[in-house]
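Engineer: Below you will find the structure I want to go over with you.
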Amino acid sequence: MAAAGGAGAAPRRGGGRQPQEAPAGGGGAAGNTGFRGMWLATVTNRDWPSRPGLTAAQQRTELLALLDAAVRRKLNAVIFQVRPTADALWPSPYEPWAQCLTGVQGRDPGWDPLGTAVSEAHARGLELHAWFNPYRVATHTDRTRLTADHPARRNPDWALAYGGKLYYNPGLPEVRRFVVDAMLDAVGRYAVDGVHFDDYFYPYPVAGQTFADDAAFREHGGGFPDRAAWRRDNIDLLVRETRERIAEVRPAARFGVSPFGVWRNAATDPQGSDTRAGVQTYDDLYADTRKWARENWIDYIAPQLYWHIGNAAADYRTLTAWWAKTVRGTGTDLYLGEALYKCGDSAQPAAWQDPAELSRHLTLAAGHPEVGGHAYFAAKEVVADRSGAMARVVADHYRTA
């Protein structure tokens, strides 16, 4: 997840237990007040640490300040990115220490960020959802910049270069087994309240480039009508197997996904939303997010509705109604992803210059009983609140902690 442009731009940033149930680890109060989440991104030091190479004490101080900011804004959950680029914010036996910490992938930062985040979040009454990016290996294509023992170097056929980045190939069963093992290591170690995937499954399309999974399709794609169906099945398997493993190692933890906000446009599929988005998760990322919600393969879905009310191609009002209808009666909880990062940004349309725009989103969503809360992208903006939009949300909607 990161800056999104219009409706065609990707907002890149990454069992239906009811919300009244106590969260794993006794963390937050989301069941009492609705979900009030904050994404905390670590990829390329987006939100934290402020720069690589800080001392362990400095990193810890910054992290605790962000948790304190969530409390001040009367939020109750932090979605903490702990596996940004096939590296880890905990002492993982599968992958190296994350580069965002020290500036050198594989270098021990001298402390345990995820363990600290869980205990300190719970001490503040916050839920801590561990946010994983399953398949992104690097934000570059130079494998020599990975640690010498990195899984993508020890298994060079596992990773593919595409769009200037490296990705694990979702079409290889051994890759899927590995990434699930790597992610679930953290879930088994720490009392996380949730396991969270973002919007990256197969990579966002890049014009003129091909994701070169021909060999994997030849080997594993038999029985599928086309490559697209096979790719969607690969991602379905990732989601279902992750859910099954969570149930084994930490059954109280909730499993959620925050996909790009448009499943399919109605012009493509009559079951889709009345939108004209340039990206459709079903067709472009091979992620059948509607099915996951309707089949209750996930506990919650938090679509990134990063458009203003009245947007011509993807109206927040239209998408809120579509997602509410999609989850109705499924047992899958619905939280709406909010583009706090757009508020007050002069490069954004006029609607985002109005500090009340985000508050209007919550007012509109309150008319849909299926909407159980909101999540804000991202932590840096929760603190800075450039236009006062977050303060307005708190004043209008979060009067109690």
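Engineer: For the range 288-321, which positions are touching a strand residue (DSSP E or B) at 6+ places or on another chain (Cβ under 7 Å) and open to solvent by 30 Å² or more (accessible area, probe 1.4 Å)?
Structural biologist: The answer is Thr318, and nothing else.
Engineer: On to the next question. Select, from Leu64, Leu75, the only residue that is over 20 Å from the mean Cα position of the chain (by Cα) and more than 27 Å from Val239 (Cα to Cα).
Structural biologist: So the residue among Leu64, Leu75 that is over 20 Å from the mean Cα position of the chain (by Cα) and more than 27 Å from Val239 (Cα to Cα) is Leu64.
Engineer: Of everything in the range 92-106, what is crowded, with 19+ Cβ neighbours inside 10 Å and over 19 Å from Val175 (Cβ atoms)? Give them in sequence order.
Structural biologist: Trp97, Ala98, Gln99, Cys100, Leu101, Thr102, Gln105
Engineer: Might you check whether a residue that is out of contact with any strand residue (DSSP E or B) (no Cβ under 9 Å at 6 or more places or on another chain), crowded, with 20+ Cβ neighbours inside 10 Å and more than 29 Å from Val118 (Cα to Cα) occurs anywhere in the range 233-249?
Structural biologist: Checking the range 233-249: at least one residue is out of contact with any strand residue (DSSP E or B) (no Cβ under 9 Å at 6 or more places or on another chain), crowded, with 20+ Cβ neighbours inside 10 Å and more than 29 Å from Val118 (Cα to Cα).
Engineer: It is to be established whether one or more residues within the range 260-272 are under 25 Å from Arg189 (Cα atoms), among the small types (Gly, Ala, Ser) and either open to solvent by 10 Å² or more (accessible area, probe 1.4 Å) or assigned to a loop (DSSP other than H, G, I, E, B) (or both).
Structural biologist: Within the range 260-272 (the criterion being under 25 Å from Arg189 (Cα atoms), among the small types (Gly, Ala, Ser) and either open to solvent by 10 Å² or more (accessible area, probe 1.4 Å) or assigned to a loop (DSSP other than H, G, I, E, B) (or both)), the answer is no, since none of the residues qualifies.
Engineer: Inside the range 43-70, can you point out the residues that are closer than 25 Å to Leu336 by Cβ and surrounded by 15 or more Cβ atoms within 10 Å (Cβ to Cβ)?
Structural biologist: Residues satisfying the conditions are Val43, Arg46, Asp47, Trp48, Leu66, Leu67, Ala69, Ala70.
Engineer: Further, regarding this structure: Filter the range 333-348 for residues that are in contact with a helix residue (DSSP H, G or I) (Cβ under 7 Å, 6 or more places away or on another chain) and either part of a helix (DSSP H, G or I) or open to solvent by 10 Å² or more (accessible area, probe 1.4 Å) (or both) and give the result.
Structural biologist: Result: Leu340, Tyr341, Lys342, Gly344, Asp345, Gln348.
Engineer: Moving on. Filter the range 387-401 down to the residues that are open to solvent by 30 Å² or more (accessible area, probe 1.4 Å) and touching a helix residue (DSSP H, G or I) at 6+ places or on another chain (Cβ under 9 Å) and list them by number.
Structural biologist: Ser387, Arg392, Ala395, Asp396, His397, Thr400, Ala401 - these are the residues of the range 387-401 that are open to solvent by 30 Å² or more (accessible area, probe 1.4 Å) and touching a helix residue (DSSP H, G or I) at 6+ places or on another chain (Cβ under 9 Å).
Engineer: Right, here's the next one. For the structure I just gave you, tell me whether Arg73 is of a type in the set (Lys, Arg) and open to solvent by less than 40 Å² (accessible area, probe 1.4 Å).
Structural biologist: no
Listed here are the residues, each with its yes/no results for (1) open to solvent by less than 10 Å² (accessible area, probe 1.4 Å); (2) over 27 Å from Cys100 (Cβ atoms); (3) over 19 Å from the mean Cα position of the chain (by Cα).
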site: Thr147; (1), (2), (3): no, no, yes
site: Pro170; (1), (2), (3): yes, no, no
site: Met183; (1), (2), (3): yes, no, no
site: Gln209; (1), (2), (3): no, no, yes
site: Arg231; (1), (2), (3): no, yes, yes
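Engineer: Quick check on my filter: what residues within the range 322-360 are within 23 Å of Ala389 (Cα to Cα) and of a type in the set (A, V, I, L, M)?
Structural biologist: Once the filter is applied, which keeps residues that are within 23 Å of Ala389 (Cα to Cα) and of a type in the set (A, V, I, L, M), the range 322-360 yields Leu334, Leu336, Ala339, Leu340, Ala347, Ala350, Ala351, Ala356, Leu358.
Engineer: Evaluate the range 161-178: report whether one residue or more is closer than 18 Å to Ala86 by Cβ, of a type in the set (S, T, N, Q) and in contact with a Leu (Cβ under 6 Å, 6 or more places away or on another chain).
Structural biologist: Within the range 161-178 (the criterion being closer than 18 Å to Ala86 by Cβ, of a type in the set (S, T, N, Q) and in contact with a Leu (Cβ under 6 Å, 6 or more places away or on another chain)), the answer is yes, since at least one residue qualifies.
Engineer: Being open to solvent by 40 Å² or more (accessible area, probe 1.4 Å), over 26 Å from Glu338 (Cα atoms) and in a helix (DSSP H, G or I) is the requirement here; does Phe217 meet it?
Structural biologist: yes
Engineer: Do we find a residue being surrounded by fewer than 17 Cβ atoms within 10 Å (Cβ to Cβ), under 30 Å from Ala252 (Cβ atoms) and aromatic (Phe, Trp, Tyr) anywhere in the range 107-130?
Structural biologist: Looking through the range 107-130, at least one residue is surrounded by fewer than 17 Cβ atoms within 10 Å (Cβ to Cβ), under 30 Å from Ala252 (Cβ atoms) and aromatic (Phe, Trp, Tyr).
Engineer: Return the residues of the range 233-285 that are more than 16 Å from the chain's Cα centre (by Cα) and of a type in the set (Phe, Trp, Tyr); say none if nothing qualifies.
Structural biologist: Result: Tyr282, single match.
The values are calculated or read from the model by the stated rules, or taken from the named source; none is laboratory data. Quantities reported herein were computed from a predicted structural model and do not represent experimental measurements. Glycine also receives a Cβ, built like all others from the backbone with ideal geometry; neighbour counts cover every protein chain displayed. Only protein heavy atoms, including side chains, enter the accessible area calculation; ligands, DNA and RNA are left aside. Shrake-Rupley method; radii C 1.70, N 1.55, O 1.52, S 1.80 Å.
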